[in-house]
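Presented below is the structure to which this report refers.
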Amino acid sequence: MEEIQAVTNPLIENIEHVIIGKREVIELIIVGLLSQGHVLIEDVPGVGKTMLARALAKSLGCTFRRIQFTPDMLPSDVTGVSIFNQKTREFEFRPGPIMAQIVLTDEINRATPKTQAALLEAMQELQVTVDGVTHPLPRPFLVLATQNPIEYEGTFPLPEAQLDRFLMRIRLGYPDPDDEIAILDSQQYVHPLTQIGQVVDVEELTTAQEKLKDVYVDPLIKRYIVEIVTQTRRHPDIYLGSSPRGSLALYRTGQARAAMLGRDYVIPDDIKALATPTLAHRLIISPSARLKDVTGEAVMREILATVPVPGAHVRPT
């Protein structure tokens, strides 16, 4: 797993120059990147969501586009539009901002459901279709979406199908006092984002993404993953549990975490560490439980505390 660590460790260290004191969150973003999934960052304004995305793109040397979602935005503002060229007498495709390797969709819940749906094909099938013509997206392709969890005025909650497209939902949170002082010091003269450069190229990243598939997942671990997901469908406070896409997300992210820690096999601790970020946002709380302020995170903590952890046995050769 040295090849994967040779990609992830420089990325994490480089981003830490910009996002101070949030190594665990940065590691989750890298897990999502390795797993070829998309990440929803849900937090209050000003904690560094945009800077995190820009630092990641700069560290990889990837193309980066930021889409500021607003209620009046149209799907064509995201995917692009075909324009008639009077000189050639043909329609030409003008690509939208989605045609980049790392796309930051800022305040995604401010767009109407029609515009939000413009991301569905891109996130799942890595392509966009405009006027009947399909255009492939560049690789790697990562959507980092942000939303404010406390503002409801003029917002449109993400539907279940959209939430299910996100591999993980994470929160940055406020920095510790000492880390916040370090942030003040780091930006006294110049923003640290201007001082970081590319540390990993795209070819190294795509190689690591393919190498990740070789990480061994024992049948007992697979059973553990499925049992956790199954319990989300049986929990009395859950109206709708996780789909099989959630099982796949937990499987892939478990492989990524194991590889980042230098192992070629997944252990139960990998699954327990990633179950909440990968599954909590996929759960629909029942109306009665919502009145009691039950959250997906609380349900996941309860499930992880009750599902038996598998034991060890000899790995087959």
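Which residue out of 15, 26, 41 is of a type outside the set (S, T, N, Q), touching a residue at least 24 places away in the same chain (Cβ under 8 Å) and farther than 27 Å from residue 247 by Cα?
Numbers: 26 fails: farther than 27 Å from residue 247 by Cα; 41 fails: farther than 27 Å from residue 247 by Cα.
Just a single option satisfies the conditions, and that option is 15.
State whether one or more residues within the range 120-139 are modelled with pLDDT of 85 or more, on the phi > 0 side of the Ramachandran plot and surrounded by 12 or more Cβ atoms within 10 Å (Cβ to Cβ).
yes
Select from the range 220-235 the residues that are of a type outside the set (S, T, N, Q) and touching a residue at least 40 places away in the same chain (Cβ under 8 Å) and list them in ascending order. Steps first, answer last, please.
First pass over the range 220-235, keeping only residues of a type outside the set (S, T, N, Q): 220-229, 233-235.
Hits for the range 220-235 are 220, 221, 223, 224, 225, 227, 228, 229, 235.
Can you confirm whether residue 54 is in contact (Cβ under 8 Å) with a residue 40 or more places away in the chain, charged (D, E, K, R) and either surrounded by fewer than 19 Cβ atoms within 10 Å (Cβ to Cβ) or under 28 Å from residue 109 (Cβ atoms) (or both)? Explain how you work it out, then say what you get.
Details: in contact (Cβ under 8 Å) with a residue 40 or more places away in the chain: yes; charged (D, E, K, R): yes; either surrounded by fewer than 19 Cβ atoms within 10 Å (Cβ to Cβ) or under 28 Å from residue 109 (Cβ atoms) (or both): yes.
Yes.
Out of 285, 303, which single residue is crowded, with 20+ Cβ neighbours inside 10 Å and over 23 Å from residue 159 (Cα atoms)?
Numbers: 285 fails: over 23 Å from residue 159 (Cα atoms).
Only one candidate passes the filter, namely 303.
Would you check if there is a residue in the range 144-167 being surrounded by 12 or more Cβ atoms within 10 Å (Cβ to Cβ), under 20 Å from residue 63 (Cβ atoms) and out of contact with any Phe, Trp or Tyr (no Cβ under 9 Å at 6 or more places or on another chain)?
Yes: the range 144-167 contains one or more residues that are surrounded by 12 or more Cβ atoms within 10 Å (Cβ to Cβ), under 20 Å from residue 63 (Cβ atoms) and out of contact with any Phe, Trp or Tyr (no Cβ under 9 Å at 6 or more places or on another chain).
How many residues are farther than 16 Å from residue 128 by Cα, out of contact with any strand residue (DSSP E or B) (no Cβ under 7 Å at 6 or more places or on another chain) and surrounded by fewer than 18 Cβ atoms within 10 Å (Cβ to Cβ) if we restrict to the range 73-106?
Of the residues in the range 73-106, 5 are farther than 16 Å from residue 128 by Cα, out of contact with any strand residue (DSSP E or B) (no Cβ under 7 Å at 6 or more places or on another chain) and surrounded by fewer than 18 Cβ atoms within 10 Å (Cβ to Cβ).
Kindly establish whether residue 198 is polar (S, T, N, Q) and not assigned by TED's automatic domain parsing to the domain that holds residue 139. Break it down into steps so the answer makes sense when it comes.
Numbers: polar (S, T, N, Q): yes; not assigned by TED's automatic domain parsing to the domain that holds residue 139: no.
Criteria not met by residue 198.
Is it the case that residue 229 is in a helix (DSSP H, G or I) and among the hydrophobic types (A, V, I, L, M, F, W, C)? Can you show your working first?
Values: in a helix (DSSP H, G or I): yes; among the hydrophobic types (A, V, I, L, M, F, W, C): yes.
When the stated conditions are applied, residue 229 passes them.
Select, from 226, 266, the only residue that is among the β-branched types (Val, Ile, Thr), surrounded by fewer than 20 Cβ atoms within 10 Å (Cβ to Cβ) and not assigned by TED's automatic domain parsing to the domain that holds residue 161.
Values: 266 fails: surrounded by fewer than 20 Cβ atoms within 10 Å (Cβ to Cβ).
So the residue among 226, 266 that is among the β-branched types (Val, Ile, Thr), surrounded by fewer than 20 Cβ atoms within 10 Å (Cβ to Cβ) and not assigned by TED's automatic domain parsing to the domain that holds residue 161 is 226.
Checking residue 244 against (1) closer than 20 Å to residue 28 by Cβ; (2) loosely packed, with under 15 Cβ neighbours inside 10 Å, only one condition comes out false. Which one?
All conditions pass for residue 244, except number (1).
The values are calculated or read from the model by the stated rules, or taken from the named source; none is laboratory data. Computed from a predicted model, the values in this text were never measured in an experiment. Counting neighbours? That spans all protein chains shown, and the Cβs are built from the backbone with ideal geometry, glycine included.
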